[in-house]
Structures are given as structure tokens and as C-alpha cells.
Amino acid sequence: MTEERWRITVDAGLCIGSAVCVGTVPSHFALKDSHSVPVHEVVEPNEDVLAAAESCPMEAIRVLRVGTDEVLAPEL
Ligand code: SF4
């Protein structure tokens, strides 16, 4: 069985730099030029990352399952 990995993307065109995600999971998001970027594009499953994607006011964050590209968060 392969270990599950998630991919984090941030749409720079949507992100307003509110830093909610950075405050929620500082280990996984950082502000760069007033926009959020994932610290690592591919990560181990982490509930806090899902929470960050759900709480982004612009829905700029996507969390996808590596391999299937299933969208894990935000819920549509
Ligand atoms: S919470 Fe959303 S809008 Fe705010 S910095 Fe993070 S990605 Fe950008």
C-alpha cells in the first residue's frame, strides 16, 4: 500500500494575503510578496491543512490527493 500524500495549491490570483492560513498552520503556509505560498507542495495528510483550506475567505487553497487529484478541501 502506498502512503497517502496531499498536494497543496494556492491560487495567487484569488489570495488576498489575509494570512488566515499562515496563522492556522504556520508550518505549511508562508506569506511571500503579500500572497500565501505552501511551504511544501506535497505533504503528509494533516487535518490542520484541511481546516486552513476551509477557512480561507477566498477559497484560494486547494488540497488534492496525490495520484487521483481528488479535491479534499474545500468542500464544494
Ligand atoms: S487564507 Fe486564503 S486569502 Fe488568506 S493568505 Fe491564505 S490563501 Fe491567501
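Looking at Ala52, Ala73, which one is small (Gly, Ala, Ser), at pLDDT 95 or above and more than 10 Å from the ligand (Cβ to nearest atom)?
Residue meeting the stated conditions: Ala73.
Filter region 15-26 down to residues that are open to solvent by less than 70 Å² (accessible area, probe 1.4 Å) and more than 7 Å from the ligand (Cβ to nearest atom) and give me whichever is farthest from Leu76 (Cα to Cα).
Gly23
Name the strands (runs of 3 or more DSSP E) wholly inside the chain in which the number of residues that are touching a helix residue (DSSP H, G or I) at 6+ places or on another chain (Cβ under 8 Å) is 2 or more.
On the way: elements: 6-10, 29-32, 35-38, 61-65, 71-73.
The qualifying strands (runs of 3 or more DSSP E) are 6-10, 29-32, 61-65, 71-73.
On the given criteria, is His40 buried (at least 16 other Cβ atoms within 10 Å of the Cβ) and of a type outside the set (A, V, I, L, M)?
No; evaluated as a whole, the condition is false for this residue.
When you look at Thr9, is it touching a Leu at 6+ places or on another chain (Cβ under 8 Å) and either modelled with pLDDT of 95 or more or open to solvent by less than 50 Å² (accessible area, probe 1.4 Å) (or both), yes or no?
Against the criterion (touching a Leu at 6+ places or on another chain (Cβ under 8 Å) and either modelled with pLDDT of 95 or more or open to solvent by less than 50 Å² (accessible area, probe 1.4 Å) (or both)), Thr9 qualifies.
The values are calculated or read from the model by the stated rules, or taken from the named source; none is laboratory data. Model, not experiment: these values are computed from the prediction. A quick note on method: Cβ atoms are made from the backbone with ideal geometry, for glycine too, and the neighbour counts reach across all protein chains shown. Areas reflect the complete protein model, heavy atoms only, side chains present, ligands, DNA and RNA absent. Shrake-Rupley method; radii C 1.70, N 1.55, O 1.52, S 1.80 Å.
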